[in-house]
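S.K.: Please see the structure below; I have some questions.
Please treat every number below as a calculation from the coordinates, not as lab data. It should be emphasised that the depicted structure is a prediction, and the values quoted were computed from it without experimental measurement. Note that each Cβ is placed from the backbone with ideal geometry, even for glycine, and that neighbours are counted across all protein chains shown.
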Amino acid sequence: MISESNRREFLTLAGSAALAAGLARKADAAGSPAGEWRNKRPDLSYRRLGRTNMMISEIICGGNTISPTNYQHVVAAFDMGLNYFDTAAAYGNGQSELGYAKALKEVGRQNVFLTSKASPWVGERNAALKKIFESLPEAEQKKLHDEAHEELRRRGALDEDYLCNYFGGQQPALEASVLANVVEKKYGSKVDRPRLYKQTVIDSLNASLKRLETDHVDILMCPHAANSYAEVHDFPEVFEAFEQLKKDGKARYLGASGHSDPAGVISGAVDSGRYDAVMVAYNIVNGRYLDKALDKAKQADMGVIAMKVARPVNHGRNNGQPNDPRRIAMVEKWMPDTNLHVAQKCYLWALSDDRIAACNSEMVNLDLVKMNVPLASAKA
C-alpha cells in the first residue's frame, strides 16, 4: 500500500498552482450519483463511461508493462483513487494478467473495474487469409492489393498525424489488416468463421480469467487492436461469443480497442449497436480526425476512453524527453507557461473534452503514478 508520505506528496502535487491551472481546463466530471461507483475518493474526479454507467477515474492504469514482479505501483494508484485496471491476454503473453491478479488480491476485486482484451484477428485468422491470398493468381493478388490501398487512401489512415506511429510495425500491421479484410470480403467462406471468430474469443477470455484469478471482467474489449470499421462491425461471431460469455457471467459489457483508424473503429462500433465502450488512440495530434466520430459516440451514449494520449509527443514511455518540436508546439500553444511536463499537458488536453471518460496512462512505476494520477484530481 502507498505510504503516508507518498499520500501527502500526492495531495501536495494535486494542490500545486501549476496543476491547479491545468485542472481548471478539464471538462466537468459530471458525476452521476446513480452510477456504479468503486473506490471513490473525494479528492479525485470520476466520469461516467457511457451506458455502462460505470463511474471511472479520469486516469486509469494501462497494463502492457504490468507483471508479477511489477505491479505494486498499481496498488499505490488504487490507494490514490484510481479504480479501473486495463489489461489484455497479449500483454507480455499473459504476464500482465498474472501481475494484475496479485494487485487484485491486495485491493479486492470488488473495488475496481477490470477490463481484458481478446485478439481474434491476430494469429490464425490473418494466417488463414494470407494463405488464401498467396494461393491466388498474381493478377487477382494485385487487384486485392490495389483495393486495400485505395481503402487506406480513402480513409486517410496513413496520414502522418492520424497514424501517429505509436510503435514499430504499426503501419505494416494496419496494411496487412486492411488487406485481410479485403480478402475476407471475397473469400471469407473458405475460413472456419465459427472457430476463428467465435471460439477463439471464448477460449481467450477463459484463459484470461484463469490468469487473473477472477470469475469475470467488467468489460471484454474485442477485438483488441482493431484497425478498421469492418473489424468491429462485420463479424457477428464476435457478438455471439460475447453473448455466450455474458450469459455465463464472465463479461458484463462489450468494448473494442484500436490504435489505427480510431474514427473508423468508433463509427463501426456505434453503427453495430453492440458495443458499450471503446478505447482508442486520441490525442492533440490526431484529434481533428476523430471529431465527428466522437460526437456520434456521445449521441449513442457509448463510452470512450482515450489511449496513446501523450505518446505521439513523447515517443516513449516514462514521460520521457519529448523530441518532436512541431507536436510539442501544439501542446504548448494549448497550455503555455506552466511548470507541468508536456506529457501531463497532453492528458489534460484530452480531459478537457467532455466526450472522453478517461485517459489510459501506461504508468510503469511509482514515479509515473505520482506524476499522472494527480491529473485526475477534482477541480478546486
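S.K.: What are the ³J(HN,Hα) couplings of the range 262-268, residue after residue, when phi is run through the Karplus curve with 6.51, -1.76, 1.60 and θ = phi - 60°? Round to Hz, x for glycine and proline.
M.R.: Each residue of the range 262-268 in turn: x, 5, x, 5, 4, 4, x Hz.
S.K.: Compare the peptides 94-106, 73-85 by average per-residue count of other Cβ atoms within 10 angstrom and give them in order, highest first.
M.R.: Result, highest mean Cβ count within 10 Å first: 73-85, 94-106.
S.K.: A follow-up question, please. Can you pull the one-decimal nm distance between simple spin-label points at ARG193 and LEU136, each 7 Å off the Cα toward Cβ?
M.R.: My value for the distance between the label points is 1.8 nm.
S.K.: Moving on to the next point. Considering amide H positions built from the backbone, and no H for Pro or chain starts, which residues 5 or more places from ALA378, or on another chain, come under 5 Å of its amide H?
M.R.: Close amide H contacts, sequence-distant or interchain: LEU44, SER45.
S.K.: If you don't mind, there's one more thing I want to ask. Given H placed on each backbone N at 1.01 Å, which residues far from MET307 in sequence or on other chains put an amide H within less than 5 Å of it?
M.R.: Residues meeting the criterion, in which the H sits 1.01 Å from N, are VAL280, ALA281, TYR282, ASN360.
S.K.: Helix 170-187 against the longest principal axis of the chain: what's the angle in degrees, Cα atoms only, rounded to the nearest 10?
M.R.: Orientation of helix 170-187: about 40 degrees from the principal axis.
S.K.: Taking only Cα atoms, what is the 0 to 90° angle, nearest 10, from helix 325-334's long axis to the longest principal axis of the chain?
M.R.: 50
S.K.: HN-Hα J couplings of the range 213-225 from phi, Karplus 6.51/-1.76/1.60, θ = phi - 60°, integer Hz, Gly and Pro as x?
M.R.: Residue by residue, the range 213-225 yields 6, 9, 9, 7, 10, 6, 10, 9, 8, 8, x, 7, 6 Hz.
S.K.: Additional query: How tilted is helix 236-247 with respect to the longest principal axis of the chain? Cα atoms for both, answer in degrees (0 to 90, nearest 10).
M.R.: 50
S.K.: For TYR253, enumerate residues with amide H under 5 Å from its amide H, sequence gap 5+ or separate chain, H modeled in the peptide plane.
M.R.: ILE219, LEU220
S.K.: Would you mind getting me the FRET efficiency between ALA20 and TYR166? Use the beta-carbon distance for r and R0 = 30 Å, nearest 0.05.
M.R.: Taking R0 as 30 Å, the efficiency between ALA20 and TYR166 is 0.50.
S.K.: In addition: Put one equal scatterer on each alpha carbon of the chain, apply the Debye formula with no solvent term, and list log10 I(q)/I(0) at q = 0.06, 0.07, 0.10, 0.13 1/Å to two decimals.
M.R.: At q = 0.06, 0.07, 0.10, 0.13 Å⁻¹ the computed log10 ratios are -0.22, -0.30, -0.61, -1.03.
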